[in-house]
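Colleague: The following block contains the structure, expressed as structure tokens.
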Amino acid sequence: MTNISINGKIISILEKSYENKKTIYAQFLMESESKGMEIIKVKILKEEDILKLEKDAVVSIPVSISSVNGNLYYSQINTIKFHKELK
């Protein structure tokens with residue numbers, strides 16, 4: 001079985017509402033040679049993890065990936081692991 005995780009420092013926590021339903025995203029900054037800087041949004045689904053999210057936290061989030069019209073969408077599939085920041 002293959003597991004995919006997004007690892008890094010959360011740069012922002014985004015909250016969106018649609019039809020009175022709130023959705024929370026953790027945002028990461030990714031740097032690549034081909035695209036330069038890119039923001040990756042991960043949809044957070046576990047309520048207990050939403051309560052622990054904070055800007056600048058270093059985390060590993062197990063994700064599933066969906067592709068729609070050439071865009072990639074990431075959703076949490078398991079509990080977030082919080083790490084101490086390396087200095």
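Read-outs: derived from the displayed coordinates by stated rules, not from any lab. Note that the coordinates shown come from a computational prediction; the quantities given were computed from them, not determined experimentally. As a convention, Cβ positions derive from the backbone with ideal geometry for all residues, glycine included, and neighbour counts pool all protein chains shown.
Colleague: Could you work out [θ]222 nm for the chain from helices alone, using -39500 (n - 2.57) per DSSP H run of at least four and dividing by all its residues? Round to the nearest 500 deg cm²/dmol.
Modeller: After summing the helix terms and dividing by the residues of the chain, the value is -500 deg cm²/dmol.
Colleague: Quickly work out the residue 45-to-residue 17 label distance, labels modelled 7 Å from Cα along the C-beta direction, and quote it in nm with one decimal.
Modeller: Calculated label separation equals 2.4 nm.
Colleague: Using θ = phi - 60° and the Karplus form 6.51 cos²θ - 1.76 cosθ + 1.60, what ³J(HN,Hα) does each residue of the stretch 77-84 get, whole Hz, x for Gly and Pro?
Modeller: These are the phi-based 3J(HN,Hα) values: 10, 8, 4, 6, 9, 9, 10, 6 Hz.
Colleague: Charges at C-beta only: +1 for Lys and Arg, -1 for Asp and Glu. How large is the resulting dipole of the chain about its Cα centre, in Debye rounded to 20?
Modeller: 100
Colleague: Over the chain, what is the percentage of antiparallel beta bridges among all DSSP beta bridges, to the nearest 5?
Modeller: Details: 31 of 33 bridges.
If I count the DSSP bridges inside the chain, around 95 percent turn out antiparallel.
Colleague: Then there is this: Subtract the Cα-Cα distance of residue 38 and residue 78 from 0.36 nm times their separation in residues, and report this length gain in nm to one decimal.
Modeller: Extra length from residue 38 to residue 78 when fully extended: 12.0 nm.
Colleague: Take the cross-link list 16/52; 21/81; 16/46; 22/84; 16/55 and give me the ones stretching past 21 Å between alpha-carbons. Walk me through the numbers before you get to the answer.
Modeller: Details: 16/52 18 Å; 21/81 26 Å; 16/46 16 Å; 22/84 29 Å; 16/55 17 Å.
The pairs that break the limit, which is 21 Å between Cα atoms, are 21/81; 22/84.
Colleague: Once the piece of chain linking residue 54 and residue 9 is laid out straight, how much longer is it, given 0.36 nm per residue of separation minus the C-alpha distance between them?
Modeller: Working: separation 45, 0.36 × 45 = 16.20 nm, distance 0.98 nm.
The span from residue 54 to residue 9 would gain 15.2 nm if fully extended.
Colleague: In whole Å, what are the extents of the stretch 1-67 along the principal axes defined by its C-alpha atoms, from largest to smallest?
Modeller: Cα extents, longest axis first: 39, 30, 26 Å.
Colleague: What percent do you get for the relative contact order of the chain when only Cα pairs under 8 Å and 6+ apart count?
Modeller: 29
Colleague: Through the Karplus equation 6.51 cos²θ - 1.76 cosθ + 1.60, θ set to phi - 60°, convert the phi angles of the stretch 25-41 into ³J(HN,Hα) values in whole Hz; use x for Gly and Pro.
Modeller: My calculation for the stretch 25-41 gives 10, 9, 10, 10, 9, 10, 10, 9, 5, 7, 10, x, 9, 9, 9, 10, 10 Hz in order.
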